[in-house]
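> To start, I am sharing the structure in question, which I have written as C-alpha cells.
What follows is calculated from the coordinates using simple rules that are stated; it is not laboratory data. Quantities reported herein were computed from a predicted structural model and do not represent experimental measurements. Please note: Cβ atoms are built from the backbone with ideal geometry, for glycine as well, and neighbour counts cover all protein chains shown.
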Amino acid sequence: DQQVKQNSPSLSVQEGRISILNCDYTNSMFDYFLWYKKYPAEGPTFLISISSIKDKNEDGRFTVFLNKSAKHLSLHIVPSQPGDSAVYFCAASANTNAGKSTFGDGTTLTVKP
Amino acid sequence: NAGVTQTPKFQVLKTGQSMTLQCAQDMNHEYMSWYRQDPGMGLRLIHYSVGAGITDQGEVPNGYNVSRSTTEDFPLRLLSAAPSQTSVYFCASSYSTWPTYGYTFGSGTRLTVV
C-alpha cells in the first residue's frame, strides 16, 4: 500500500508558464510534507516543506499548498524555467517517527524553452 | 563544506559477495538514513539512525546491516549480495529539526549485482 502517491509520472510545460505538481497521501499521521528536486546522477536536494498546521508556504518561485481534508498537496512553480527540468519527489513524515520519510515515485518535469 | 560523501560511486558485485557502502557527513547532523531508488520508483528507506549508537529499520531492511559508532559515519553493509539489490543507494543526513529543513543527500552509489 503506497502511502504517498504522485499520479503523474511526467509533466511538460512551456517556459514562463506555471508548473503544478501533485501529490496525494493516505496516512493521516503524516504532519510534515517536503518536496525534493533531483537531477540525473545526483542526489535529491531539498526544495520546500510545509507543516500540517499551515495550508500554504512560499519560497521565491515555489509555493506548496496543503489540503488536509483531501490529503492532497501541490507544488506550484511560477514562472517555470528550463533549469527547473528535473524529477520532483514528494515526501511525507510524522513527528512521531523521527528521521523517517516516505517518498512518492516522482514526477519528471520538462520545461521547454 | 563536503556535505554528505558516499563511496564508492559505482560498484559491481557478484551474487553472494559482501561489501560496505560508506557514508560520511561533516555537518554534525544527528539523523542519518539510507535509501534505495529502483528505476521509476521513489526512494525507499532501508535503515536510519537518530544518533550515535542508535539505529532502526526502515521499509526494506532485509539483507542490510548498519551501525553508527560516530556522529559522522553511517556505513551500510550488504551481507550476501543478490540481484534484487541492484539499485542506486543514497545516504542522507539532517538535523533533529529535520522536517523543516529536509535531508541533505549524498550523490549516490550505483550498485549492480550480477
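> Determine which residues of the stretch A:40-81 fall in the zone a paramagnetic label at A:Ile18 would reach in this model, i.e. backbone nitrogen under 16 Å from the point 7 Å along Cα→Cβ.
A:56-67, A:73-81
> Still on this structure: With an 8 Å Cα cut-off and a minimum separation of 6 or more residues, compute the relative contact order for chain A in percent.
36
> Still on this structure, I have one more. I want to check the label-to-label distance for B:Ala52 and A:Asp31. Put each point 7 Å from Cα in the C-beta direction and report it in nm to one decimal.
3.0
> Please report, in debye to the nearest 20, how large the charge dipole of the protein assembly as shown is about its Cα centre when each Lys and Arg carries +1 at its beta carbon and each Asp and Glu carries -1 there.
I would put it at about 360 debye.
> A further question on this structure: Quick one: check the C-alpha center-to-center distance for the stretch B:16-49 versus the stretch A:21-67, whole angstrom.
The stretch B:16-49 and the stretch A:21-67 have Cα centres separated by 21 Å.
> A 30 angstrom limit on the alpha carbon distance is what I want to check against. Which of A:Lys54/A:Lys112; A:Lys38/A:Lys68; A:Lys37/A:Lys71; A:Lys68/A:Lys112; A:Lys38/A:Lys71 exceed it?
Pairs exceeding the cut-off: A:Lys54/A:Lys112; A:Lys68/A:Lys112.
> Return the calculated 222 nm mean residue ellipticity for the protein assembly as shown, to the nearest 500 deg cm²/dmol, obtained by summing -39500 (n - 2.57) across DSSP H runs with n ≥ 4 and dividing by the residue count.
Result for the protein assembly as shown, helices only: 0 deg cm²/dmol.
> Grab the beta carbon distance between B:Val12 and A:Asn7, set R0 = 30 Å, and tell me the FRET efficiency rounded to 0.05.
0.30
> Is there a simple number for the mean count of other chain Cβ atoms within 10 Å of the Cβ of residues in B:45-52, and what is it?
Mean inter-chain Cβ contacts per residue within 10 Å come to 2.
> On a full-extension model of 0.36 nm per residue, what is the gain between A:Lys112 and A:Ser51, subtracting their alpha-carbon distance, rounded to one decimal in nm?
Gain in length upon complete extension: 18.8 nm.
> Under 19 Å Cα-Cα from A:Lys56, which aspartates and glutamates qualify once same-chain neighbours fewer than 8 residues away are excluded?
Hits, sequence-local ones excluded: A:Asp24, A:Asp31.
> Between A:Ser74 and B:Thr97, what FRET efficiency comes out of the Förster formula 1/(1 + (r/R0)^6) with R0 = 30 Å and r the beta carbon distance, rounded to 0.05?
0.75
> While we're on this one: Looking at the stretch B:12-58, which trypsin sites (Lys or Arg not before Pro) are in a loop (DSSP not H, G, I, E or B) and have at most 16 other Cβ atoms within 10 Å?
Passing both the DSSP loop test and the Cβ count: B:Lys14.
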